[in-house]
Amino acid sequence: DHDENILLQPSTIDSKTGKPVIDVLKSKHPPLRIPDIQNNEYKLDDFEYVPQPLALQITENDVKNMAPQLHGSGGPTSLDSSLLSDLLLQYGSSSVILRNEMALWT
């Protein structure tokens, strides 16, 4: 009976193919392809018109106004929207410094 919850080592023989696990895994990934820049291989398309990006001016006040509207979590940290909102609003001059810094990030 095959146990599917075991950790296989690279040298373990794969029961389906009879090959070492490392060889089976390598066969599933194509070799690295390095683009030939000299011959414009993988070149992006040319466009007749490329619009200029909009100039945005985000201020500390903008960050202050959006802080109460935050929701959710931003990734694998303990910083969720409630904590970030509190940090941006509840700590006086330290919050102002943080809001200014966040405005610079945008």
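The values are calculated or read from the model by the stated rules, or taken from the named source; none is laboratory data. What you see is a predicted model; the values in this text were computed from it and never measured. Every residue, glycine as well, gets a Cβ built from its backbone with ideal geometry; the counts of neighbours run over all protein chains shown. Accessible surface is based on the protein model in full, side chains and every heavy atom, while ligands, DNA and RNA are left aside. Shrake-Rupley method; radii C 1.70, N 1.55, O 1.52, S 1.80 Å.
Remark: accessible surface ordering of MET66, MET102 (largest first) is MET66, MET102, probe radius 1.4 Å.
Return a whole-number percent for the relative contact order of the chain, with Cα pairs under 8 Å and 6 or more residues apart as the contact set. Intermediate values should be presented prior to the final figure.
On the way: 67 pairs, mean separation 18.4, N = 106.
Relative contact order, the chain: 17 percent.
Run the helix sum for the chain: -39,500 (n - 2.57) per DSSP H stretch of 4+ residues, divided by residue count, reported at 222 nm to the nearest 500 deg cm²/dmol.
Values: 4 runs with 37 residues, N = 106.
Only helices count here, giving -10000 deg cm²/dmol.
Going by accessible surface with a 1.4 Å probe and the largest first, GLU60, GLU101, GLU48 read GLU48, GLU101, GLU60. May I ask for the angle, rounded to the nearest 10°, between helix 92-105 and the longest principal axis of the chain, with both axes built from Cα atoms and the value confined to 0 to 90°? Orientation of helix 92-105: about 50 degrees from the principal axis. Calculate, for LEU84 and ILE6, the FRET efficiency according to 1/(1 + (r/R0)^6) with r their C-beta to C-beta distance and R0 35 Å; round to the nearest 0.05. Computed FRET efficiency for LEU84 and ILE6: 0.25. With a Förster radius of 41 Å, plug the Cβ-Cβ distance of ILE97 and GLN38 into 1/(1 + (r/R0)^6) and report the FRET value to the nearest 0.05. It comes to 0.25.
Note on the chain: with a GNM built from Cα contacts shorter than 10 Å, the maximum mean-square fluctuation among PRO30, PRO53, PRO68 falls on PRO30. Among the listed options (1) 37, 15, 11; (2) 48, 31, 11; (3) 103, 13, 6, the one matching semi-axes √(5λ) of the Cα gyration tensor in Å as calculated from these coordinates is (2).
Computed with a 1.4 Å probe over protein heavy atoms only, the accessible area of LYS19 comes to about 110 Å².
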